[in-house]
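A short write-up of the structure that comes next.
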Amino acid sequence: MQRGTELEERPETELISIPATPRTTSTPEILTPSGLRSPKSAPKSAAAAGTAGWTPTSFISPRFLSPIGTPMKRVLVNMKGYLEEVGHLTKLNPQDAWLPITESRNGNAHYAAFHNLNAGVGFQALVLPVAFAFLGCYDKEDVDDHAANVTYFLGIYEGDVVIRVEVKKENENNSNLAYRSWGILSLTIAYFWQLYTLWILVQLHEAVPGKRYNRYVELAQAAFGERLGVWLALFPTVYLSAGTATALILIGGETMKLFFETVCGPQCTSDPLTTVEWYLVFTSLCIVLSQLPNLNSIAGLSLIGAITAITYSTMVWVLSVSQQRPPSISYEPLSLPSFSASAFSVLNALGIVAFAFRGHNLALEIQATMPSTIKHPAHVPMWRGAKVAYVLIAMCLFPVAIGGFWAYGNLMPSGGMLNALFAFHSRDIPRGLLAMTFLLVVFNCLSSFQIYSMPVFDSFEAGYTSRTNRPCSIWVRSGFRVFYGFVNFFIGVALPFLSSIAGLLGGLTLPVTFAYPCFMWVLIKKPSKFSFSWYFHWSLGWLGIAFSLAFSIGGIWSMVNSGLKLKFFKPS
């Protein structure tokens, strides 16, 4: 304040006074903005400063010709800092300020780690040992000696009842056992492949100066064109959002039922809730939590989901390997009567592995919640959080897949680790510990429902705001989310087998994770034709498309071969 008073007391002429330069004296040398001497110096005498030496800036004082040490410099510096902080001239859509994904831009690396963990670890990890039953996991020397001569059993499961069909098979010659390690190899390749494509999406978020691609479909339209981008990306991303939310209702409701049965036991009540009623209870809880307004507001829920996912994944495989293995266990990959049947089974198993790696449909949305400037671009905190998240994801997926297959081998039920744990060790493990595992799964499903549903909420509100040109009121927003929750509940009741076709769904949605990002990189970044980057990304993208078709065919064959009963409106 004292400095401002002194400025006000100074006469106005002092602030704008310019020292005059006599015409008869030599003009000082002009300084460039960098402080160096200009190569052109002023004439040394008035005679030399004739018409031939006149320039348009001759009448301007040298002090104003250079912004150094003048008010002009402060204006330029302030303007530069303003542009950097605001977003380096990025064109922002005013409608984004009304939508759940982009209305809050205070995200950071911690939020990115929470959201990626919540989206990347979930129930899909618990079915990885099912894939290993067809792919194999251990070499011959890793198997116990008693596996050489043993009576094998083929496990058939109906609900919680295990029916064993005895198949006598004396392995007098150990060379007949074809133990393979394709399960670990395929899981490792898929992990690093999807990590690389995630890096591509993070880099492409602001690939075009002045433009942020805040949604996966927007980036697909920029790469493939307006119409083709919608056709290619809309279905798989909608399924990965709405379909996953429906599957979470099925898994969450069934796990709540297991939790209740474990805690209360058969004598708790004579009239327990049916499976559909447990679905309704879980859906109601999801709808209550979905009233949080935007993606950043559910960061706390994502943290809870990440913690619970890491905890129950660790508990499931630790409890499984700590118990005595079934005496009829086998680690030999399941053999089928024909080569074509075995090939289709392997493709279906690879589809299950691919389905375990999801979340790429949310990468751009998560990055859109972060501020971005020239000094602090959004891809830096996003990638920092994603790296931490995927290290923890690896620490969950690999032990569950390897430990679960080690504990149950070919006896692994199609429902995954939770069903195996309940069927084989419900009497061996303390009831409180088993109930805690089920409860953590329920919490994780509730949290994952929110982040996978947020793109759908965003689409609903985008349609409303574009037509009405005003933001959604709290009642309209709540109505959309209640409607969406009960639509998923209805689909779950109508299609209760949805969670049993993970191989088919993994094949259909594989391009979003493994193929499209590679094509987008070539079409947007435009590397030199026939360069290594050009060949690499095109090859990787088309390989992903080929795998998608093969895994989808394998998933369809598995449904037909296993005799999957499509019981509509009849959940077990």
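Annotations for the structure displayed:
- Summing charges over neighbours of A97, with a neighbour being any other residue whose Cβ is under 11 Å away from its Cβ, gives -1 when K and R count +1 and D and E count -1.
- Fully extended contour minus Cα-Cα distance, from I474 to L285, at 0.36 nm per residue: 66.2 nm
- Remark: the V238-S414 segment gains 60.8 nm on full extension, using 0.36 nm per residue and subtracting the alpha carbon distance.
- Annotation note: trypsin sites (Lys or Arg not before Pro) in the stretch 465-555 located in DSSP loop regions with a Cβ neighbour count of at most 12 within 10 Å are K529.
- Those trypsin sites (Lys or Arg not before Pro) in the stretch 379-436 that DSSP places in a loop and that have at most 14 other beta carbons within 10 Å: R427
- Surface composition of the stretch 221-265: carbon and sulfur atoms hold 70% of the protein heavy-atom accessible area at a 1.4 Å probe.
- In this structure, A546 and R427 have a Cβ-Cβ separation that, at R0 = 51 Å, corresponds to a calculated FRET efficiency of about 0.65.
- FRET efficiency for T314 and S466, using Cβ-Cβ distance with R0 set to 41 Å, rounded to 0.05: 0.35
- Calculated from backbone phi, Karplus (6.51, -1.76, 1.60) coupling profile of the stretch 433-450 in Hz, x at Gly/Pro: 5, 5, 5, 5, 4, 5, 5, 5, 5, 4, 4, 5, 5, 4, 6, 5, 4, 5
- Summary of packing: across the peptides 278-290, 308-320, the per-residue average of other C-beta atoms within 10 Å ranks them, highest first, as 308-320, 278-290.
- Label-point separation, F486 to K387 (7 Å along Cα→Cβ), nm: 4.8 nm
- Considering only S459, G492, F449, and ranking their Cα positions along the charge dipole of the stretch 413-502 that arises from unit charges at the beta-carbon of Lys, Arg, Asp and Glu, the one farthest toward the positive end is S459.
- Distance between the modelled labels on E218 and H110, one decimal in nanometres: 2.6 nm (7 Å Cα→Cβ projection).
- Shape analysis of the stretch 210-272 based on the Cα gyration tensor places the equivalent ellipsoid semi-axes at 45, 11, 6 Å, largest first.
- What the Cα convex hull of the stretch 361-437 gives, in volume per residue, is 134 Å³.
The values are calculated or read from the model by the stated rules, or taken from the named source; none is laboratory data. Being a predicted model, the structure only gives us computed values, none of them experimental. For neighbour counting, all protein chains shown are included, and Cβ atoms are generated from backbone atoms with ideal geometry for every residue, glycine included. We work out accessible area using only protein heavy atoms, side chains counted, and drop any ligands, DNA or RNA first. Shrake-Rupley method; radii C 1.70, N 1.55, O 1.52, S 1.80 Å.
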